[in-house]
Amino acid sequence: MAERILITGGLGQFGSELAVTLRERHGTDAVIVTDIRDDPDAAGPFVRLDARDGDAVRQIVRSHRITRVYHLAALLSAVSEARPMDAWEINMGGLVAVLEAAREFSLSVFTPSSIGAFGPQTPKEFTPQDTIQRPTSMYGVTKVAGELLCDYYFFKYGVDTRGVRFPGIISNVTPPGGGTTDYAVDIYYAAVQHRRYTCFLQGDTYLDMIYMPDAIKAAIDVMDADPAKLRHRNAFNVTAMSFSPEEQAAYIRRYLPDFEIAYDVDPVRQAIANSWPNSLEDYAARVEWGWQPEYDLDRMTADMLRTLTARLATSSDATAGAPG
Ligand code: SER
């Protein structure tokens with residue numbers, strides 16, 4: 001059956017690029033982008049939607065004959081910590097509205113979980129797929145509750161729910177907003193524009209990361225996987241690399257030797273990062289649906305600097321050290 005896809009939170013960092021890839025595969029009109037904000041530059045069908053509004057969700061699903069939802073509308077970790085009740089209401093309210101529509105209209109649903117679904121008692125290195133999940137951030141609480149709720153809709157109602165636990169997503173089109181891993185994106189913009197970056201996490205903080213093309217591949221492949229092979233559903237660990245700000249700076253220096261990093265630590269985001277794993281193990285995703293990332297830190301750094309240099313750098317000296 002030809003899929004007709006609804007994306008919530010479609011103007012965010014991930015949705016804005018996922019929509020492009022999905023439209024290339026399924027056709028522009030088969031992908032309905034929605035967001036709580038308007039999009040004056042929409043490149044295809046767009047509807048303004050507050051994903052918490054169950055009636056509005058069901059109406060869009062019905063009128064656009066939707067078969068699959070990528071439910072991306074959510075607050076990220078740092079914003080969730082500043083506004084915990086909004087995070088609960090938005091992250092859980094949106095998910096419930098989407099799952100109820102999925103139950104009624106037999107939709108398949110992708111929901112992103114996160115490295116934020118782990119906590120201080122979780123094994124920090126090579127964090128297994130099935131392990132202790134006692135997060136201490138409100139973001140993490142909503143992610144664990146979301147994983148459980150998605151599994152519940154599968155077991156109880158047979159709704160085809162699937163998801164991955166994303167690490168920090170690095171990209172160069174739409175900036176992330178309010179996450180703990182945002183530094184790993186900002187650093188490339190600052191490197192190209194100013195040769196200097198002040199990082200809000202300590203230099204030795206290790207976190208998992210993934211480059212956007214791999215993140216998109218994960219979200220598409222897990223939804224297209226043969227259901228007979230899935231032992232897990234919500235949600236698969238996926239990772240492509242684990243590094244610290246110090247290491248990322250060292251890789252940037254391979255291409256921009258005069259790049260400097262300084263630190264001005266934000267205690268809230270540092271505490272969140274300290275409660276998350278240093279590195280994930282993603283064996284279940286590899287075995288159950290063939291997960292295999294393409295970008296490591298070096299390849300991603302070269303691509304980010306090349307892309308941003310072409311777009312942002314104006315002075316001739318800014319392009320001198322950039323990878324070709
Ligand atoms: N990138 C997210 C955040 O930092 C983690 O899922 O909030």
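Annotations
- From the list 139, 157, the lone residue that is near the ligand (Cβ under 9 Å from one of its atoms), at negative phi, touching a helix residue (DSSP H, G or I) at 6+ places or on another chain (Cβ under 8 Å) and touching a residue at least 40 places away in the same chain (Cβ under 8 Å) is 139.
- Selection count, the stretch 307-324, where residues are at pLDDT 95 or above, farther than 27 Å from residue 165 by Cβ and surrounded by 13 or more Cβ atoms within 10 Å (Cβ to Cβ): 2
- Scanning the stretch 182-218 for residues that are within 16 Å of the ligand (Cβ to nearest atom), aromatic (Phe, Trp, Tyr) and under 11 Å from residue 171 (Cα atoms) gives 188, 211.
- Unmet criterion (only one of (1) closer than 23 Å to residue 218 by Cα; (2) more than 14 Å from the ligand (Cβ to nearest atom); (3) in contact (Cβ under 8 Å) with a residue 24 or more places away in the chain) for residue 152: (3)
- One residue stands out among those in the stretch 76-113 that are without any contact (Cβ under 8 Å) to a residue 40 or more places away in the chain and of a type in the set (A, V, I, L, M): the one that is farthest from residue 58 (Cα to Cα), which is 85.
- Contact map, the stretch 114-127: first residue acidic (Asp, Glu), second residue within 16 Å of the ligand (Cβ to nearest atom) and assigned to a loop (DSSP other than H, G, I, E, B), Cβ cut-off under 7 Å, separation 6 or more or different chains; pairs are 125/278; 125/279.
- Residue in the stretch 293-306 that is touching a Phe, Trp or Tyr at 6+ places or on another chain (Cβ under 6 Å), of a type in the set (Gly, Ala, Ser), assigned to a helix (DSSP H, G or I) and modelled with pLDDT of 95 or more present: no
- Here is the figure for the stretch 125-150: residues that are buried (at least 20 other Cβ atoms within 10 Å of the Cβ) and more than 19 Å from the chain's Cα centre (by Cα) total 0.
- Residue check, residue 158 crowded, with 24+ Cβ neighbours inside 10 Å and either within 11 Å of residue 235 (Cβ to Cβ) or over 12 Å from the mean Cα position of the chain (by Cα) (or both): no
- Within the stretch 84-105, the set of residues being more than 12 Å from residue 51 (Cβ to Cβ) and of a type in the set (Asp, Glu) comprises 86, 104.
- Spans of strands (runs of 3 or more DSSP E) in the stretch 29-120 with at least 3 residues under 18 Å from the mean Cα position of the chain (by Cα) and either under 20 Å from residue 216 (Cβ atoms) or more than 16 Å from the ligand (Cβ to nearest atom) (or both): 31-35, 68-71
The values are calculated or read from the model by the stated rules, or taken from the named source; none is laboratory data. What you see is a predicted model, and the numbers here were worked out from it, not measured in a lab. Cβ: placed from backbone, ideal geometry, glycine included. Neighbour counts: every protein chain shown.
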